[in-house]
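To start, the structure itself, in structure tokens.
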Amino acid sequence: MSTTSTSDQLVSNYVGDLNLALRIVGARVRREYLNEIKEHISESRLLLAADDEQGVRELLNNIGDPDVLAYELLATQRQQGGNWWQRRVAATGLARVISLTTVGLLAVLVVIALIYSNLYRPLSQGAEGGVEVLAPNGSPAQTVPDSAQLDNGAPTVYKEPIAKFFTVKVIASLYNEGPYSIVIDSVGSPSSFTIFDTRVRFDGTDRAEGSDGWRGGPRFHIFTLHSHQDQTLLITYRQRCQLHTGEVAGYGSVPVTYSYMFFHHSTFVDIDPFDIQMSSTC
Amino acid sequence: MVVNSDKLLVQMRRGSIEYCVLALLETEDRYGFDITRELASAGGLVTSEGTVYPLLTRLRNDGLVDTYWKDSTEGPQRRYYRITKVGRQALESFISQWKPFRDAVDAILARRG
């Protein structure tokens, strides 16, 4: 069974205190300095009697207060010539500096990428467009005389069909004008009124106008819209009749949510605008 | 102004102690403990022996000394410090400045009678 002498305990406590105080300097410098001090203690003890407790106390006292030594070492490091890079290398070792710098650069790149992706808003209206407003029996709603034929850029004004609900079909065309692909998560209707049965389909081959209406193709699902591509969608919904004689509600965009990298964005994409004139009877 | 004598000593020591180390190494290579004890025995040059090691590191980083390991009969290998050519030049330069500086200070102080 071994026993630890008081002198050994004094030395052990001192080295422990010094190690603690040296936290303010780099790991490599701390390790090197601790070794030097330990060697210094060992050399000094060779000159002392085996268990000269008082001698060991004096020896440790001569080496100096751990906190003072730590600050002295730190000050020496700071006084040392050379640039920041050299000091860091001296303090922490080349491998550690390289890894820390690499991690730092990667973090900066990630932050830049996140900021870019957050600002990436490439959606706009594509080439296609159109709208159908249908009565419950499938017949097209009347338009305000001449509004459909006017070629002045003004939207067509549809008269609200006389029914509790009527159907609206809107062609929305999404165009990705940015250099990177995005994922389209959802597309909504342009109406802010009470609506039901909103259905979104990919564009169908059969889009003949008339009472048959537009059927559209496959049901909407999340899809990738590549750079400089557009995708036409058919949005169908039923809208409740509004009782406001003569007032006109305008529709000009659809809500779209999309993802790019880690960000989800909500935006509105323009559609061919149309108006619905509200009726006095439903 | 009241001058703290400890601070004064620290300031005076700061500018000269590294040249004292170089002077010790001019005649023979020494290891850390040996250098520390020599400085401590000179009186007033070192208050904390532990502060000598950062100084030796600085001298080494500045290229004024270099080191090598040597076996010891009394224990593990010792790191020996050896003055370099640059270190000798620095020491010569210090000595050439130090002597007239010391004489000038002494001359002024001697006027106090």
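Taking Cα centre as origin and charging only the Cβ of basic (Lys, Arg, +1) and acidic (Asp, Glu, -1) residues, the dipole magnitude of chain A rounds to 320 debye. Looking at chain A as a GNM with Cα springs under 10 Å, which of A:Gln231, A:Gln54, A:Gln242 has the largest mean-square fluctuation? Answer for the Gaussian network model of chain A: A:Gln54. The dipole here belongs to the stretch A:6-79: it is taken about the Cα centre, uses +1 on the Cβ of Lys and Arg and -1 on the Cβ of Asp and Glu, and is about 480 debye.
For the stretch A:123-277, the spherically averaged projection of the C-alpha convex hull amounts to 9.4 nm². In whole angstrom, the stretch A:105-194 maps to an equivalent ellipsoid with semi-axes of 41, 16, 10, each derived as √(5λ) from the alpha carbon gyration tensor and ordered largest first. When chain A is described by a simple charge dipole with +1 on each Lys and Arg Cβ and -1 on each Asp and Glu Cβ, the residue from A:Tyr251, A:Val144, A:Leu48 located farthest towards its positive end is A:Val144. Isolated cysteines in the protein assembly as shown, defined as those with no second cysteine Cβ under 4.7 Å, comprise B:Cys20. Excluding same-chain residues fewer than 8 positions from B:Lys7, which lysines have a Cα within less than 26 Å of its Cα? Within reach: B:Lys99. Straight-distance candidates among the lysines for linking to B:Lys70, with alpha-carbon spacing under 25 Å and chain neighbours fewer than 8 residues away dropped: A:Lys38, B:Lys85. The charge dipole of chain B, taken about its Cα centre with unit charges on the Cβ of Lys, Arg, Asp and Glu (plus for the first two, minus for the last two), comes to roughly 340 debye. In the elastic network of chain A, a GNM with C-alpha springs shorter than 10 Å, the most mobile of A:Leu100, A:Leu46, A:Leu234 is A:Leu46. Amide H to amide H, with H built 1.01 Å from N, A:Val269 comes under 5 Å of A:Val254, A:Val256, counting only residues 5 or more places away or on other chains. Across the stretch A:123-277, C-alpha contacts under 8 Å between residues 6 or more apart give a mean separation that, scaled by the residue count, equals a relative contact order of 31 percent.
For A:Phe223, the residues 5 or more places off, or on other chains, whose built amide H falls under 5 Å of its own are A:Ile184. Helix content alone sets the calculated 222 nm mean residue ellipticity of the protein assembly as shown: runs of n ≥ 4 DSSP H residues at -39500 (n - 2.57) each, divided across all residues, give -13500 deg cm²/dmol. Can you tell me which of A:Thr76, A:Thr101, A:Thr232 moves the most in a GNM of chain A? Springs connect C-alpha atoms under 10 Å apart. Highest fluctuation of the listed residues: A:Thr76. Split chain B at each of the GluC sites (Glu not before Pro) in a DSSP loop with at most 10 other beta carbon atoms within 10 Å, and the longest piece is B:29-73. In this calculation the C-beta distance from B:Gln11 to A:Val111 is compared with R0 = 56 Å, giving a FRET efficiency of 0.75. Debye-formula intensities of the stretch A:6-79, expressed as log10 I(q)/I(0) at q = 0.17, 0.19, 0.24 Å⁻¹, are -0.62, -0.75, -1.07 (one equal scatterer per alpha-carbon, no solvent).
Count Lys and Arg as plus one, Asp and Glu as minus one, and take only other residues whose Cβ is under 14 Å from that of A:Pro161; the net charge is then +3.
Computed over every Cα-Cα pair of the stretch A:224-282 and binned at 5 Å starting from 0, the pair-distance distribution P(r) comes out as 4, 12, 17, 21, 15, 11, 8, 6, 4, 1 percent.
Note on A:Phe193 and A:Gln242: their simple-model spin labels are 0.6 nm apart, each label 7 Å out from Cα toward Cβ. The alpha-carbon positions of the stretch B:32-113 define a convex hull whose volume is 124 Å³ per residue. Taking the centroid of alpha carbons for each part, the stretch A:109-129 and the stretch B:36-113 are 65 Å apart.
For chain A, the convex hull spanned by the alpha carbon atoms encloses 277 Å³ per residue. The trypsin sites (Lys or Arg not before Pro) of the stretch A:217-254 include none that DSSP puts in a loop with a beta carbon having at most 15 other beta carbons within 10 Å.
For the stretch A:1-77, trypsin sites (Lys or Arg not before Pro) are listed when DSSP marks them as loop and at most 15 other Cβ atoms sit within 10 Å of their Cβ; the list is empty. Summing charges over all other residues whose Cβ lies under 14 Å from the Cβ of A:Glu53, with Lys and Arg as +1 and Asp and Glu as -1, gives -2.
Read-outs: derived from the displayed coordinates by stated rules, not from any lab. Computed from a predicted model, the values in this text were never measured in an experiment. Here Cβ is always computed from backbone atoms with ideal geometry, including for glycine, and neighbour counts include all displayed protein chains.
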